[in-house]
1. I'd like the full set of residues that are open to solvent by less than 30 Å² (accessible area, probe 1.4 Å), of a type outside the set (Val, Ile, Thr) and either without any contact (Cβ under 8 Å) to a residue 60 or more places away in the chain or over 30 Å from Val42 (Cα atoms) (or both), limited to the stretch 60-96.
2. State which residue is modelled with the highest pLDDT when the search covers only the stretch 46-59 and only residues that are open to solvent by 30 Å² or more (accessible area, probe 1.4 Å) and in a helix (DSSP H, G or I).
3. Consider only pairs whose beta carbons are under 9 Å apart and that are at least six residues apart or on different chains; among these, list those whose first residue lies in the stretch 16-45 and is open to solvent by 40 Å² or more (accessible area, probe 1.4 Å) and whose second residue is outside any helix (DSSP H, G or I) and among the aliphatic types (A, V, I, L, M).
4. Having 1 or more residues that are within 30 Å of Leu17 (Cβ to Cβ) and of a type in the set (S, T, N, Q) is the bar; report the helices (runs of 4 or more DSSP H) wholly within the stretch 86-165 that clear it.
5. Report, by residue number, each residue of the stretch 130-146 that is under 18 Å from Gln39 (Cα atoms) and of a type in the set (A, V, I, L, M, F, W, C).
6. Under 9 Å between Cβ atoms, which residue pairs at least 6 apart in sequence (or on different chains) link something in the stretch 106-127 that is closer than 19 Å to Ala70 by Cα with a partner that is open to solvent by 100 Å² or more (accessible area, probe 1.4 Å) and of a type in the set (Phe, Trp, Tyr)?
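The values are calculated or read from the model by the stated rules, or taken from the named source; none is laboratory data. Nothing here was measured: the structure is a model prediction, and the numbers come from that model. Cβ atoms come from the backbone with ideal geometry, glycine included; neighbour counts cover every protein chain shown. What goes into the accessible areas is simple: the full protein's heavy atoms, side chains included, and nothing from ligands, DNA or RNA. Shrake-Rupley method; radii C 1.70, N 1.55, O 1.52, S 1.80 Å.
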Amino acid sequence: MENENKFLGSEKVSKLLLKFSIPCILSLVISSLYNLVDQIFVGHIKGLNGLGLSATGVVYPLTIIAMAIAWCLGDGATAYLSLCQGRKDTKSAHKAIGNNIVITMLLCFISMILGYIFMDKLLYMFGATSESIGLAKDYFKIILIGIPFFMFANCLNGVIRADGSPKYSMITTMTGA
């Protein structure tokens, strides 16, 4: 770890800022396009009369909550990883990333289970109507299947960036898109 990202301690801050910020910003833009693409795709399905758009709109906040949880875990691990790198404490860094992966996976599966158990209540709370609940449930079930992958990727992208690979992090986000 320390040999591969040695440049983090010796490179000019302005150069590092550009090297890290541009891929990070592009990753965030790509992530925000996920829902837009869903809206466009579902909006063009004939016969749904706008109910498909309503279904994706109702599920979107739940997707954002999953992303927020993943980013909180990832940013915490990233901050700790950076501290460990500064101290050249490889053992603690590896342990922290391992713990982060385990906690993220546990929360992924807990989120999935709670999502299935409280599906109707959550969807109505976020604006589903009796007309849109069927499509919202169908869409939410698909989203719930992908939640572990989505959360895991969002959590570890920050860790990948902190380890000195912002372009690789961006490429993983683009691949998912």
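1. Gly74, Ala77, Leu81, Cys84, Ala93, Ala96
2. For the stretch 46-59, the residue satisfying everything is Gly57.
3. Taking only residues 6 or more apart or on different chains, the pairs are Leu33/Ala177; Tyr34/Ala177; Val37/Ala177.
4. 90-117, 133-162
5. Correct list: Ile133, Leu135, Ala136, Phe140, Ile142, Ile143, Leu144.
6. Cys108/Phe149
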